[in-house]
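Working notes, structure below.
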Amino acid sequence: MSGRNLAATAYRELIRRILEGELKPGDTLQETRLCADLAMSRTPVREAIARIRSEGLAEQEGRFVRVRRISPEEVEEIFFLRRTLEPGAIRAATGRLTPEQIDTLEGDIRGLVQKGPGEDDLQWHVDQSFHATIAVAAGNAAAAKVIQDLHMRTCIFDHRVVPERFLRGCEEHLAMLSAMRDGRRDAAAELMGAHLDHARDAIFEHLGEVQTSPAERVL
């Protein structure tokens, strides 16, 4: 297995432990201990921890990197901002996104549906490309950066965590692309708003099922 695949494997395992409550808020992501626990060298584990930090699920506290959990309140704030920005972005991008760009996005999504999500990060990359391409095409670089940052903060809630959203999310993406291809700006914006609402609600449902404990441990 390549170094990149090892890092992805370490990342998925740590995310699973965080989301299922095995790693709790306040727990330290101790590199040496995790290397032994995962039977991996330092490099993939270090990369996995860095990625988790970049996604906002862990934070540096002095010499330690500690787990933090995304609360329902934070999810609400993230999706409030996305709901504010992304319908307007897709409305502005309609007519600016070229037919070739739409074809590429559609091909990626249909390929994902055909192959299935698998165990790698393909779904995340396709989803990220969809939202980022639309945000950039809208023509506001600052808004596009905010959208991409907000998307990153909820990217852990993928098909492994909310599997019911995989096919539905793909279908919603295809419906938005169809509206954009036809120049239906308002329809595209409405579909984007509904898509974000559905994603938010699925995350809320998952967070409601996860039982957590305030105890702190060093792992």
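With respect to ILE156, determine if the residue is modelled with pLDDT under 90 and in contact with a helix residue (DSSP H, G or I) (Cβ under 6 Å, 6 or more places away or on another chain). In short, yes. Scanning the stretch 86-106 for residues that are open to solvent by 40 Å² or more (accessible area, probe 1.4 Å) and in a helix (DSSP H, G or I), which turns out nearest to VAL161 (Cα to Cα)? It comes out as GLU106.
For GLU205, the criteria (1) surrounded by fewer than 16 Cβ atoms within 10 Å (Cβ to Cβ); (2) not in a helix (DSSP H, G or I) hold in every case but one, which is (2). Restricting the stretch 6-53 to residues that are modelled with pLDDT under 85 and not in a loop (DSSP other than H, G, I, E, B), the residue that is surrounded by the fewest Cβ atoms within 10 Å (Cβ to Cβ) is ARG16. Restricting attention to the stretch 162-186, the residues being of a type in the set (A, V, I, L, M) and open to solvent by less than 30 Å² (accessible area, probe 1.4 Å) number 5.
Only residues that are outside any helix (DSSP H, G or I), over 19 Å from HIS198 (Cβ atoms) and of a type in the set (A, V, I, L, M, F, W, C) were counted in the stretch 133-167, giving 1.
The values are calculated or read from the model by the stated rules, or taken from the named source; none is laboratory data. All values derive from a computational prediction rather than experimental measurement. Please note: Cβ atoms are built from the backbone with ideal geometry, for glycine as well, and neighbour counts cover all protein chains shown. Side chains included, ligands, DNA and RNA excluded: accessible areas come from the protein's heavy atoms. Shrake-Rupley method; radii C 1.70, N 1.55, O 1.52, S 1.80 Å.
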